[in-house]
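Chemist: There's a structure below that I have some questions on.
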Amino acid sequence: MASTQPPAALSFPRPIFAAVSPHPFLHAHLTTAPPSKPSHALRANGRTAHDFRTPSIHTGSLTHSNGSAVVRLGNTSVVCGVRAEILKEEDVSGTAEYADAEQQRDGDDADGDDMEELDSLRLLVPNVELSTGSTPQHIPGSAPSAFAQTLVTRLRALLLSTRLVRAADLRILHAPLDTAEQDSDGAAQNQLKAYWTLYIDTFFISLDGNAFDAAWLAILAALQDTLLPRAFWDDDLEMVLCSDVPGEARRLQLRGLPVASTFAVFEGADKGADAGGDAEQQGPGSWVLSDPDAFEESVCSESVCVVVDCGTAAKGKGKGKGAVVRRMEKNGGGVVGREEMKGLVKRAVERWGVVEAVLGGNA
Amino acid sequence: MAPETELSNLHRADGSATYTHHGYSIIGAVNGPIEVPRRDELPEEATIEVNVRPAAGVGSPKDRQLETLVHNTLRSIILTRSIPRTLVQITLQIRSLPEEAASTGVNPSIAILPHLLHTSLLALLSASIPLSTILTSVLVAIPAAHTQPSTPLLSPTANDLVRAKSIKSVHVFAFSGDKKLLLNESDGVFSYEEWEEACEMAEEACCREKGGVGLAEGMDVDGQSRNLEEWLREVVKEKVAYEQRWKTAT
């Protein structure tokens, strides 16, 4: 018929374009910005390259755990529950020196080096579970994937290296009454009777990228929410008992507020195009995307994670700007160098402010 | 002391290398390109599989993390697009760790990472897998300010770390042949400036230009006057010269 339109150039609806050729799809999005304002280019999810997703945090929703948090970061949602169990002193060996260390400690010494104690006794046990259906990549019914194992190792390393939890909070001490009188120096000799062990279980309800930031934020919020009942040694029963008076329970005194920010690097020039590559450094050809979602993670091979803490620095130095970096991870490619890293640290510091406000408003 | 290496010492693998440095001893073996299981096949590139085997016991999540890091780094230098639908299998067996490794107070996965990367690269070279560039990697530790040597320690031994007592931060850097930062793992408490200084130091140790300013001073930490890239080239050159000894003799 005469009314048939001339065949249009081959075109696909959006989702099909994204599925068939993800790399050009994202590239097309990022390059359609007005040339005057290249930073205004929108990603496929409607954010600019520097936009993070605003987290929403809800704490204390699990009644059977000592502390819990639900964190939503766009379509990534994570539940974290902290469960405290008692580890009896007689079940672990070589804790005598830690009890002595307790004597020397003066109040809340921020620099107390108790990482070894937490590490060797495994008082912090993080675990990550990807629930069935949380992400299409996850095959249910199999052993924890390399991804989950890597994630849990990174979380544990960060928990220990930031010294977030004080060992002093986890010790259950006992001051025996009768020996205190016999003691010549008069001071009550505190005995270490048990430890609290924190099982930190993180459960991904749905995973749309940036698993590390979401999991870490959930752990942070859950630990802030954690309430440990007062535990004491009963001389007559010779066991540790817990008080059921809510007023006697206490919260963990966390050290600082380290916040993780993950970035993915999108290289415009398709790696497959030619191996030699006229790769100009960080030119128009590559974008560093904050807080990548699952689609972006699938097309980006290089990723950067920066963990910063501005709270402790502000106290220590008195100068407002001094942000302390607690961890930096970067792998998968060579686009981000020394100069780019500087910008990323700045972006991570900005992110810290946002997360701090969300956490603060919640507590 | 430069790392000791032996290339192609395993006869059944396509490529292999033994690497010993500062008490870390690792055997690396590479098989590839070989047939890939259907499940892992990628239509346009080669699949890379990295297995890290610890010195004692079975693999733990820590080894999975090391595997992921080595995998991501190697993926960026292996020309995976030129051997699509194949598998490159890299096995890294840790033979021994320095005695003091447990008591350094440094995350052991970070301390071993440069050695794993070097071993895997040498094994890849030995297996003639197409690579776009080489990589060199080094560990930098920044001691806490109140201890005596407050300058960053370049490629410290486990013993150095124990003697320095309190280490403020540790950094691992890996650079490609064209001086791009391929991998960075930093742990501890540090500012961006400290990180930059450590990064510069590492870059100098990995791929400093010949005849640069740093030739005379510094570098006494290791007693080595060459950078790691030159060391790597030397190792491969020796191996090639050895293999070609009949050809060159006649």
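The values are calculated or read from the model by the stated rules, or taken from the named source; none is laboratory data. Every value quoted in this text rests on a predicted model; they were computed, and no experiment measured them. Backbone-built Cβ (ideal geometry, glycine too); neighbour counts: all protein chains shown.
Chemist: What pairs come out if I take residues in segment B:123-145 that are under 20 Å from residue B:27 (Cβ atoms) and pair them with residues that are of a type in the set (Val, Ile, Thr) and surrounded by fewer than 20 Cβ atoms within 10 Å (Cβ to Cβ) whose C-beta lies under 7 Å away, six or more apart or interchain?
Modeler: B:125/B:236
Chemist: Would you say residue B:103 is polar (S, T, N, Q), within 14 Å of another protein chain (Cβ to nearest Cβ) and free of Cβ contacts under 8 Å to residues at least 40 places away in the same chain?
Modeler: no
Chemist: Go through segment B:99-131 residue by residue and tally those that are modelled with pLDDT of 90 or more, farther than 21 Å from residue B:8 by Cα and not in a helix (DSSP H, G or I).
Modeler: Of the residues in that region, 0 qualify.
Chemist: Taking segment A:206-234, which residues are under 18 Å from residue A:63 (Cα atoms) and part of a strand (DSSP E or B)?
Modeler: Result: A:227, A:228.
Chemist: Okay, moving on. Among the listed residues B:151, B:119, B:133, which satisfies the condition of being away from chain A (no Cβ under 14 Å), surrounded by fewer than 20 Cβ atoms within 10 Å (Cβ to Cβ) and not basic (Lys, Arg)?
Modeler: B:151
Chemist: Only residues that are in a loop (DSSP other than H, G, I, E, B), of a type outside the set (Asp, Glu) and under 19 Å from residue B:74 (Cα atoms): list them for segment B:9-34, please.
Modeler: If the condition is that a residue be in a loop (DSSP other than H, G, I, E, B), of a type outside the set (Asp, Glu) and under 19 Å from residue B:74 (Cα atoms), then B:13 is the only one that fits.
Chemist: Among the listed residues B:81, B:95, which satisfies the condition of being in a helix (DSSP H, G or I) and either within 13 Å of chain A (Cβ to nearest Cβ) or not β-branched (Val, Ile, Thr) (or both)?
Modeler: Within the list B:81, B:95, the selection yields B:81.
Chemist: With at pLDDT 90 or above, under 19 Å from the mean Cα position of the chain (by Cα) and β-branched (Val, Ile, Thr) as the only criterion, which of B:236, B:240, B:221 stands out?
Modeler: Being at pLDDT 90 or above, under 19 Å from the mean Cα position of the chain (by Cα) and β-branched (Val, Ile, Thr) holds for just one of B:236, B:240, B:221, which is B:236.
Chemist: With the requirement that a residue be assigned to a strand (DSSP E or B) and within 14 Å of chain B (Cβ to nearest Cβ), what does segment A:242-260 give you?
Modeler: A:260
Quick grid of which residues meet (1) at pLDDT 90 or above; (2) among the β-branched types (Val, Ile, Thr); (3) surrounded by fewer than 23 Cβ atoms within 10 Å (Cβ to Cβ); (4) in contact with a Ser or Thr (Cβ under 9 Å, 6 or more places away or on another chain):
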| position | (1), (2), (3), (4) |
| --- | --- |
| A:292 | yes, no, no, yes |
| A:312 | no, yes, yes, no |
| A:315 | no, no, yes, no |
| A:321 | no, no, yes, no |
| A:335 | no, yes, no, yes |
| A:343 | yes, no, yes, no |
| A:348 | yes, no, no, yes |
| A:352 | yes, no, yes, yes |
| A:362 | no, no, yes, yes |
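Chemist: Continuing with the same structure: Can you find a residue in segment B:2-23 that is under 15 Å from residue B:90 (Cβ atoms), touching a residue at least 12 places away in the same chain (Cβ under 8 Å) and touching a Phe, Trp or Tyr at 6+ places or on another chain (Cβ under 8 Å)?
Modeler: Looking through segment B:2-23, none of the residues is under 15 Å from residue B:90 (Cβ atoms), touching a residue at least 12 places away in the same chain (Cβ under 8 Å) and touching a Phe, Trp or Tyr at 6+ places or on another chain (Cβ under 8 Å).
Chemist: Scan segment B:9-21 and give yes if some residue there is within 18 Å of residue A:147 (Cα to Cα) and of a type in the set (Val, Ile, Thr), otherwise no.
Modeler: Scanning segment B:9-21, I find no residue that is within 18 Å of residue A:147 (Cα to Cα) and of a type in the set (Val, Ile, Thr), so the answer is no.
Chemist: Taking the condition assigned to a loop (DSSP other than H, G, I, E, B) and either away from chain B (no Cβ under 14 Å) or modelled with pLDDT under 85 (or both), does residue A:168 pass?
Modeler: no
Chemist: State which residue is nearest to residue B:122 (Cα to Cα) when the search covers only segment B:165-188 and only residues that are surrounded by 22 or more Cβ atoms within 10 Å (Cβ to Cβ) and over 16 Å from the mean Cα position of the chain (by Cα).
Modeler: Here the residue is B:187.
Chemist: Which residue pairs have Cβ atoms under 7 Å apart, sit 6 or more places apart or on different chains, and have a first residue in segment A:213-227 that is touching a residue at least 60 places away in the same chain (Cβ under 8 Å) and closer than 11 Å to residue A:254 by Cα and a second that is among the small types (Gly, Ala, Ser) and outside any strand (DSSP E or B)?
Modeler: A:224/A:363; A:225/A:60
Chemist: Can you pull out every residue in segment B:59-74 that is over 24 Å from residue B:22 (Cα atoms) and surrounded by fewer than 20 Cβ atoms within 10 Å (Cβ to Cβ)?
Modeler: B:61 - this is the single residue of segment B:59-74 that is over 24 Å from residue B:22 (Cα atoms) and surrounded by fewer than 20 Cβ atoms within 10 Å (Cβ to Cβ).
Chemist: Test each condition in (1) outside any loop (DSSP other than H, G, I, E, B); (2) closer than 30 Å to residue A:200 by Cβ; (3) at pLDDT 80 or above for residue A:63 and report the one that comes out false.
Modeler: In the conditions (1) outside any loop (DSSP other than H, G, I, E, B); (2) closer than 30 Å to residue A:200 by Cβ; (3) at pLDDT 80 or above, residue A:63 misses (1) alone.
Chemist: Residue by residue through segment B:154-185, note down the ones that are in a loop (DSSP other than H, G, I, E, B), within 9 Å of chain A (Cβ to nearest Cβ) and at pLDDT 85 or above.
Modeler: B:178, B:179, B:180, listed by residue number.
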